[in-house]
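The values are calculated or read from the model by the stated rules, or taken from the named source; none is laboratory data. The structure presented is a predicted model; accordingly, all values stated were derived computationally and were not measured. Cβ: placed from backbone, ideal geometry, glycine included. Neighbour counts: every protein chain shown.
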Amino acid sequence: MPLDLAVNAHETRLAEVKMIKELDNILQRQLLLPLFMPIVNTQERCIIGYEALIRGPASSPLHSPISLFKTAQRCGRLLELELLCREISMRRFKHLGLDGKLFLNVTPATLAEPDFKSGMTLELLEKVGFDPEKLVIEITEQFPIDDYDMMKEATAHYRELGFEVALDDLGAGYSGLRSWSELRPQYVKIDRHFIEGLDTAQIKQEFVRSIMEVARSIQCQVIAEGIERIEEHRILNEMGLKIQQGYYFSRPTALPPKELDSQLFRFSNGSNSNHLTNTQQNLSSITRVIPPIDADCSIGEAVQVLRNHKEVRSLAVVDGDTPIGLLSRDTCLGLYLDLFGREIHDRKSVKRYMDINPLVLEDRTALEAVSDRITRSNTETPSADFIITNQGKYLGIGSIVNLLKLITECQIRNARYANPLTLLPGSVPASEEVTWRLKQRAEFAACYFDLDNFKSFNDHYGYQRGDQLIVFLADCIKHWINDTHDLICHIGGDDFLVLVGSPDWQLRCKQIQAEFESRVAEFYNKQDREAGGIESLDRHGTTRFFPLVTISIGIALPDPDRCSSHHDVARLASDAKHIAKKQTGHSLFVNRRRGPDSNYDDDTTVSLPA
């Protein structure tokens, strides 16, 4: 053997011996660090569980999980390593007091070990004091599955212990679709490759939709992992994929968050929201409350219900409160038209003939998010019905025809009253929303935003750049305002009225000002940025210096008992804004007057530092 090859082989053996010793040291001293990554239900706006991810010691060559697990496999110690990972992860999860499910990564090779027969995992659960129903075995396909019969037996055993099963990296493993069909997991995770850039890749969207359709038909929950950008989060919400995971929410960390910032969910259609603004139409107005039939109901019983209710075209089939299908009058009629149809089908279960994949929509889903769901549903006739739910429970039946009419009316109305520059609601929707909130006796803050020194900026740089600055202000407001509880209205020029139902309205206003201040200089030329402003004519035709554009905010906290109309609220907010504009730089004033019956004096407002 040549000397250089001999030297390389010797060095390789030394490196391998070093890795083996390092692995032995890690296992003996239990030097593993569990990190936890939240798994989020964006519809409910909450964390439903955490995936445990293992790291070796920071200074170790086996710090990376890839190196750690590959070394363990080469040494025949993969099962030993995984059992230690399970124990350490469960102990840490319990110590941190984390809620929800714990997702533990398991390789197929270890599932085929005698562990699932000998009960080692159950003994471990009892030792740690961990609830089996909180555990999800997440099967990763880093290594191929060689024996599907053994895998099915293993996963069935874990289900008997109370665990749930998840299949990781669907679309990237060795045989993901076969694993899905053979193992029938409760969860399936779509590989991050199909999530990255999803908002701009139509073919990836079609793949995700296909997975969702299959999952719905076999009652499997889909998890999208690898979400890093808000655009990916937003398109997944629009597609109806509500369980999500990725750096967008939180990176893996030893001390994971128990709650997430509500701003992360500003593009989610939360079913637990306290209020959907009057300008955001939802499905409640077209919901017909039609009693459902049970999954054990026979065709004969269903036909009798349809005979008693001539106006009903479809019946929802439910398991408890959860809809599992839709049975149409046409289907029943077709069965009875066959020769001896009644005798053949009368006693058979409706589950054999119902549509197992009907269109299902939450009643509080904003209409803006409904159109896409309709176009990609399997509904073929304009008279088709769909199921309406409330927090996943059956509520009633809706008609596609009525839904399309409602969407059209909403689109026409929004176009009529939207500001053409930002496409945000204008003055009319703002007035209607204020009136609605006063009638509901709702607590809210009316925040009047206005730009300082904007006229001079517009005159100096022209209307095009002025419009760009207004759009930037709108983006800043949208970034920090919770669109579930709040409404942003562009009421003209550089004026915005924001109706904030969130209790932290003051903090949100300051965050908007801070973000605007951090980037407003980008709209000025280099020379003007260095000077800190521009020379321009004032309203009297005199040339003077104008600093960079800032934001003045006037706040009104209307009392529903003292404000009889939106005019009262507008006056309170406008007065506060005028006083705010008397200050230099970013300013925020809160009007102490809560109704038009108060006296006007200098003590009626309070200045809050921006």
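Out of 227, 203, I need the residue that is among the aliphatic types (A, V, I, L, M), assigned by TED's automatic domain parsing to the domain that holds residue 89 and not in a helix (DSSP H, G or I). Which one?
Step by step, each of 227, 203 is checked, and only 227 is among the aliphatic types (A, V, I, L, M), assigned by TED's automatic domain parsing to the domain that holds residue 89 and not in a helix (DSSP H, G or I).
Among the candidates 495, 486, which residue alone is under 25 Å from residue 429 (Cβ atoms) and modelled with pLDDT under 95?
Going through 495, 486 in turn, the sole match is 486.
How about region 305-365: which strands (runs of 3 or more DSSP E) wholly inside it have at least 3 residues that are in contact (Cβ under 8 Å) with a residue 60 or more places away in the chain?
314-319, 322-328
Quick one: in region 391-416, which of the residues that are of a type in the set (D, E, K, R) and under 28 Å from residue 490 (Cβ atoms) is surrounded by the fewest Cβ atoms within 10 Å (Cβ to Cβ)?
The residue in question is 416.
Residues 268, 284: which one is at pLDDT below 90 and touching a Lys or Arg at 6+ places or on another chain (Cβ under 7 Å)?
Result: 268 is the single residue among 268, 284 that is at pLDDT below 90 and touching a Lys or Arg at 6+ places or on another chain (Cβ under 7 Å).
I need a count of the residues in region 404-447 that are assigned to a helix (DSSP H, G or I) and within 22 Å of residue 553 (Cα to Cα).
So the count comes out to 11.
Could you tell me which of the residues 196, 238 is modelled with pLDDT of 90 or more and more than 30 Å from residue 94 (Cβ to Cβ)?
Only one candidate qualifies: 196.
Inside region 565-597, can you point out the residues that are free of Cβ contacts under 8 Å to residues at least 60 places away in the same chain, part of a helix (DSSP H, G or I) and charged (D, E, K, R)?
Result: 568, 571, 575.
Considering only region 544-564, I want to know if a residue exists there that is assigned by TED's automatic domain parsing to the domain that holds residue 466, under 15 Å from residue 453 (Cα atoms) and free of Cβ contacts under 8 Å to residues at least 12 places away in the same chain.
So far as region 544-564 goes, yes, one or more of its residues are assigned by TED's automatic domain parsing to the domain that holds residue 466, under 15 Å from residue 453 (Cα atoms) and free of Cβ contacts under 8 Å to residues at least 12 places away in the same chain.
How do the strands (runs of 3 or more DSSP E) wholly within region 454-544 filter down when requiring 1 or more residues that are in contact with a helix residue (DSSP H, G or I) (Cβ under 6 Å, 6 or more places away or on another chain) and farther than 30 Å from residue 42 by Cβ: which remain?
Because the criterion is at least 1 residues that are in contact with a helix residue (DSSP H, G or I) (Cβ under 6 Å, 6 or more places away or on another chain) and farther than 30 Å from residue 42 by Cβ, the strands (runs of 3 or more DSSP E) in region 454-544 that meet it are 487-492, 533-537.
Scan region 438-458 residue by residue and report those that are of a type in the set (A, V, I, L, M, F, W, C) and within 36 Å of the chain's Cα centre (by Cα).
Of everything in region 438-458, those that are of a type in the set (A, V, I, L, M, F, W, C) and within 36 Å of the chain's Cα centre (by Cα) turn out to be 438, 442, 444, 445, 446, 447, 449, 451.
Being surrounded by fewer than 20 Cβ atoms within 10 Å (Cβ to Cβ) and touching a strand residue (DSSP E or B) at 6+ places or on another chain (Cβ under 6 Å) is the filter; apply it to region 216-235 and report the residue that is modelled with the lowest pLDDT.
Restricting to residues being surrounded by fewer than 20 Cβ atoms within 10 Å (Cβ to Cβ) and touching a strand residue (DSSP E or B) at 6+ places or on another chain (Cβ under 6 Å), the top hit is 220.
Hey, residue 419 hits all of (1) buried (at least 21 other Cβ atoms within 10 Å of the Cβ); (2) over 30 Å from residue 326 (Cβ atoms); (3) modelled with pLDDT under 95 but one; which does it fall short on?
All conditions pass for residue 419, except number (1).
Would you mind finding the one in 538, 450, 494, 528 that is buried (at least 17 other Cβ atoms within 10 Å of the Cβ), among the charged types (D, E, K, R) and in contact with a Lys or Arg (Cβ under 6 Å, 6 or more places away or on another chain)?
450
Among what's in region 504-523 and is of a type in the set (Phe, Trp, Tyr) and at pLDDT 95 or above, pick the residue that is farthest from residue 443 (Cα to Cα).
Among those residues, the one meeting the criterion is 523.
For residue 76, only one of the following conditions fails: (1) out of contact with any Phe, Trp or Tyr (no Cβ under 7 Å at 6 or more places or on another chain); (2) part of a helix (DSSP H, G or I); (3) modelled with pLDDT under 90; (4) of a type in the set (Gly, Ala, Ser). What is its number?
Checking residue 76 against (1) out of contact with any Phe, Trp or Tyr (no Cβ under 7 Å at 6 or more places or on another chain); (2) part of a helix (DSSP H, G or I); (3) modelled with pLDDT under 90; (4) of a type in the set (Gly, Ala, Ser), the one that fails is (2).
So, residue 254, is that one free of Cβ contacts under 8 Å to residues at least 60 places away in the same chain, of a type in the set (Gly, Ala, Ser) and surrounded by fewer than 18 Cβ atoms within 10 Å (Cβ to Cβ) or not?
Considered against the rule, which asks whether it is free of Cβ contacts under 8 Å to residues at least 60 places away in the same chain, of a type in the set (Gly, Ala, Ser) and surrounded by fewer than 18 Cβ atoms within 10 Å (Cβ to Cβ), residue 254 comes out as no.
If a residue has to be of a type in the set (Gly, Ala, Ser) and closer than 14 Å to residue 265 by Cβ to count, how many in region 233-245 make the cut?
Matching residues across region 233-245 total 0.
Quick grid of which residues meet (1) in contact (Cβ under 8 Å) with a residue 40 or more places away in the chain; (2) not assigned by TED's automatic domain parsing to the domain that holds residue 573; (3) not acidic (Asp, Glu):
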{"position": "466", "(1), (2), (3)": "no, no, yes"}
{"position": "471", "(1), (2), (3)": "yes, no, yes"}
{"position": "479", "(1), (2), (3)": "yes, no, yes"}
{"position": "487", "(1), (2), (3)": "yes, no, yes"}
{"position": "497", "(1), (2), (3)": "yes, no, yes"}
{"position": "504", "(1), (2), (3)": "no, no, no"}
{"position": "509", "(1), (2), (3)": "yes, no, yes"}
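Quick check, is residue 174 among the hydroxyl-bearing types (Ser, Thr, Tyr), at pLDDT 90 or above and either crowded, with 16+ Cβ neighbours inside 10 Å or in the same structural domain as residue 50 (by TED's automatic domain parsing) (or both)?
Spelling it out, it is not the case that residue 174 is among the hydroxyl-bearing types (Ser, Thr, Tyr), at pLDDT 90 or above and either crowded, with 16+ Cβ neighbours inside 10 Å or in the same structural domain as residue 50 (by TED's automatic domain parsing) (or both).
On the given criteria, is residue 182 surrounded by fewer than 19 Cβ atoms within 10 Å (Cβ to Cβ), under 23 Å from the mean Cα position of the chain (by Cα) and not in a strand (DSSP E or B)?
no
Quickly run through region 507-543 and pick out the residues that are among the hydrophobic types (A, V, I, L, M, F, W, C) and touching a Phe, Trp or Tyr at 6+ places or on another chain (Cβ under 6 Å).
512, 534
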